[in-house]
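The values are calculated or read from the model by the stated rules, or taken from the named source; none is laboratory data. Please read all numbers here as calculations on a predicted model, not as lab measurements. With ideal geometry, Cβ positions are generated from the backbone for all residues, glycine too; neighbour counts draw on all protein chains shown.
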Amino acid sequence: MDLERDWIKALERTWVVRFPKQQLATFGPTNVSYYVVTDPIYQEPDASKQEGVVRTGKVIAERPAVVTPEYALHLQGFSDEAYEYLNFLAREYGAKSPGVLYQYRNEADKMEIVSGVPAEIARRIGADLERREEGLSVVMVGVDEFWDIALLKFIYEYTSSSIGHNVQEFQSRGLLTPQPAYGGVPAAATNQIERMFREVEHGSGNPEILKGELDRWGLFDHFEDRFLRLFRRKPRR
C-alpha cells in the first residue's frame, strides 16, 4: 500500500509542460521524442545549488489497429484483470464491436544533469523546441524514482486526445463497418487478411502469421480452403 501511495503522490507531482503539436497518426507509426525532467534523488530540498535530471528518449506508437473484444482476448501479455474487462466489453457491447488498440514502446536514450530547478529546465527545453518547430516532442516534469510514471501519464493523455480523430478516419474509410459475410468482423480485419494472403501468395508473407491472424479473428473456417490451397503443389508440366 505504501508503494501505491508513493506513485499516486508522484502522479500528483507530474505534469506535461509541452504537448506534441501533432496527433497520433491513424495509418502509420508515430515517433515522439520525450524529455522528462526531475529533481535528482540525492538532492536536499534546501540545497544551495539546484540541479535537475533530464532523461530523453522516444515513445514509439505503432500504427493503431482495429480490434474487437473477441480478438483482443486472443492476444498475449495482458493481466488477468484486463482479460476480465475484455470479457465484460464482449458481454456489454458485443464480441465483435470494433475498437482501436494502441501499442507503444519506450526507447530510452540518455540521462544528464542540468543546472536549475526542474520546472525552469523544462520550460527552457520547451522554448527551444518551439523555436525549432519540433512538432513531435513532449516535455514533462516528474519524480525521479517514478520518472516513467510521467511517461505513462503522457501516453494516456496523448491517446485520449487522438482517439476521436483516429476513429473518425477509420470510419470515413469504412474500416469499422461490420462484414456480415464474415460473422460481423470489421472491414479492417478482412482487408488486413486479404493483404496477408497476397503477401504469402507472392512469397513475402509468413503462413504461420496468417494462420494466427485468422484464428484470432475466428475466421479460419471462412478461409480454410483458400489457406490450404497455399500448400498444394503445382502440377509438373
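Out of the range 90-112, which residues are of a type in the set (Lys, Arg) and in a helix (DSSP H, G or I)? Let's see the steps before the verdict.
Going through the range 90-112, the residues of a type in the set (Lys, Arg) turn out to be 91, 96, 105, 110.
Arg91, the sole residue that qualifies.
Hey, any hits in the range 145-156 for a residue that's modelled with pLDDT under 95, of a type in the set (Ser, Thr, Tyr) and either loosely packed, with under 12 Cβ neighbours inside 10 Å or under 30 Å from Ile121 (Cβ atoms) (or both)?
Yes: one or more hits.
For the range 18-48, a residue qualifies if it is β-branched (Val, Ile, Thr) and either modelled with pLDDT of 95 or more or part of a loop (DSSP other than H, G, I, E, B) (or both), and the qualifying residues are Thr26, Thr30, Val32, Val36, Val37, Ile41. Scanning the range 121-136 for residues being surrounded by fewer than 23 Cβ atoms within 10 Å (Cβ to Cβ), in contact with a strand residue (DSSP E or B) (Cβ under 9 Å, 6 or more places away or on another chain) and in contact (Cβ under 8 Å) with a residue 24 or more places away in the chain gives a total of 7. When the criteria are applied in full, Tyr42 fails the requirement of being under 22 Å from the mean Cα position of the chain (by Cα) and outside the structural domain of Gly212 (by TED's automatic domain parsing). Looking at the range 113-229, the helices (runs of 4 or more DSSP H) lying wholly inside it that each contain 2 or more residues that are closer than 30 Å to Lys49 by Cα and assigned by TED's automatic domain parsing to the domain that holds Val59 sit at 118-131, 147-172.
Has the range 79-88 got any residue that is assigned to a helix (DSSP H, G or I), surrounded by fewer than 17 Cβ atoms within 10 Å (Cβ to Cβ) and in contact (Cβ under 8 Å) with a residue 12 or more places away in the chain? Yes, that holds for at least one residue.
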